[in-house]
Amino acid sequence: QCTRNCRFCSVTKGCPQPPDPEEPEHLAEACARLELRHVVITSVTRDDLPDGGAGHYVQVIQAIRSHLTDHAPVIEVLIPDLAGNWSALKKIADAAPEIINHNVETIPRLYPDIRPGARYERSLELLAQVRRLAPSITTKSGLMVGLGETEEEIIAVLRNLRNADCDMITIGQYLAPSRQHAPVVAYIEPAQFDRYARIARELGFRSVASGPLVRSSYMADQAYESIEHNQYRNKKSC
């Protein structure tokens, strides 16, 4: 259950139960048994909690690290906006996941209809704050297309994300979960996804995934490994 009412998401809306205190250990045990090398951790939005759930994220990160000491996986957290609580964000940054992901989802013009309760500027500021709090953490964001946006509006969002020093971007086709959700306005051609990818790389994103079936966690391990490989190669060449 989620405390927000975004029109693209099929998660039940309402007042969630308190976080399960045993969840961090359960997740860590699952990661160990599955021998995962890249873990993506996400949650619903928890506006009901004073820290937006940041403390629970920290416990999960710490539990995974304590269980997988020999082969620690890359930890990627896909977090909500924490209602702009940057002290709570600092808790997550101090836990030092390799990647902090927060999706802007769509263009600012569509926020009142598609993301009521969220603010575009706040999402951009979250990514910028991560860079200030922990420069070594890789930042990531994602966009859905096909909701009625224009190419110019998508490019403007990509520029805004780069101005926030966002490292990685995913761009995928919006698909309505049901007839009660926001309708698909357009199915974007693969060539347009290729164009968005080219523009994103020209703007300086270090990793770009753009295609109809791309989602936030799409090939997450490979995307991050490509960044790490390029960093190593650049250091060798220096």
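This table checks each residue for (1) closer than 26 Å to ARG198 by Cβ; (2) outside any strand (DSSP E or B).
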{"site": "VAL77", "(1), (2)": "no, no"}
{"site": "LYS91", "(1), (2)": "no, yes"}
{"site": "GLY117", "(1), (2)": "no, yes"}
{"site": "ARG122", "(1), (2)": "no, yes"}
{"site": "GLU125", "(1), (2)": "no, yes"}
{"site": "ARG132", "(1), (2)": "no, yes"}
{"site": "GLY142", "(1), (2)": "yes, no"}
{"site": "ILE154", "(1), (2)": "yes, yes"}
{"site": "LEU158", "(1), (2)": "yes, yes"}
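Of the residues that make up the stretch 17-24, is at least one buried (at least 20 other Cβ atoms within 10 Å of the Cβ) and in contact with an Asp or Glu (Cβ under 8 Å, 6 or more places away or on another chain)?
Checked against the condition, which is being buried (at least 20 other Cβ atoms within 10 Å of the Cβ) and in contact with an Asp or Glu (Cβ under 8 Å, 6 or more places away or on another chain), the stretch 17-24 yields no hits at all.
Any residue at all in the stretch 160-182 that's touching a helix residue (DSSP H, G or I) at 6+ places or on another chain (Cβ under 8 Å) and of a type in the set (Phe, Trp, Tyr)?
Looking through the stretch 160-182, none of the residues is touching a helix residue (DSSP H, G or I) at 6+ places or on another chain (Cβ under 8 Å) and of a type in the set (Phe, Trp, Tyr).
Could we say that ARG115 is within 23 Å of CYS6 (Cα to Cα), crowded, with 17+ Cβ neighbours inside 10 Å and either touching a strand residue (DSSP E or B) at 6+ places or on another chain (Cβ under 7 Å) or basic (Lys, Arg) (or both) here?
Yes: the conditions hold for ARG115.
Checking the condition surrounded by 19 or more Cβ atoms within 10 Å (Cβ to Cβ) and not charged (D, E, K, R), which residue from LEU133, LEU175, LEU147, LEU203 passes?
It is LEU147.
Just to be sure I understand, how many residues within the stretch 205-238 are among the hydroxyl-bearing types (Ser, Thr, Tyr), modelled with pLDDT of 65 or more and part of a helix (DSSP H, G or I)?
Residues in the stretch 205-238 being among the hydroxyl-bearing types (Ser, Thr, Tyr), modelled with pLDDT of 65 or more and part of a helix (DSSP H, G or I): 2 in total.
For the stretch 35-88, give me each residue that is more than 17 Å from HIS102 (Cα to Cα), touching a residue at least 40 places away in the same chain (Cβ under 8 Å) and among the basic types (Lys, Arg).
Residue satisfying the conditions is ARG37 alone.
Would you mention how many residues in the stretch 1-52 are under 21 Å from ILE114 (Cα atoms) and in a strand (DSSP E or B)?
3
Which residue, of ARG198, ARG215, is touching a strand residue (DSSP E or B) at 6+ places or on another chain (Cβ under 9 Å) and either in contact (Cβ under 8 Å) with a residue 60 or more places away in the chain or among the aliphatic types (A, V, I, L, M) (or both)?
On inspection, the qualifying residue turns out to be ARG215.
State yes or no: is ARG4 touching a Lys or Arg at 6+ places or on another chain (Cβ under 8 Å), within 26 Å of PRO183 (Cα to Cα) and not hydrophobic (A, V, I, L, M, F, W, C)?
Here the answer is yes, as ARG4 does meet what is asked.
Scan the stretch 164-171 and give yes if some residue there is buried (at least 16 other Cβ atoms within 10 Å of the Cβ) and at positive phi, otherwise no.
No, that holds for no residue.
Taking the residues in the stretch 54-99 that are more than 14 Å from the chain's Cα centre (by Cα) and on the phi > 0 side of the Ramachandran plot as candidates, determine which candidate is surrounded by the fewest Cβ atoms within 10 Å (Cβ to Cβ).
Taking the candidates together, the pick is ALA96.
The values are calculated or read from the model by the stated rules, or taken from the named source; none is laboratory data. None of these values were measured; they are calculated from a predicted model. Every residue, glycine among them, receives a Cβ derived from its backbone with ideal geometry; neighbour counts consider all protein chains shown.
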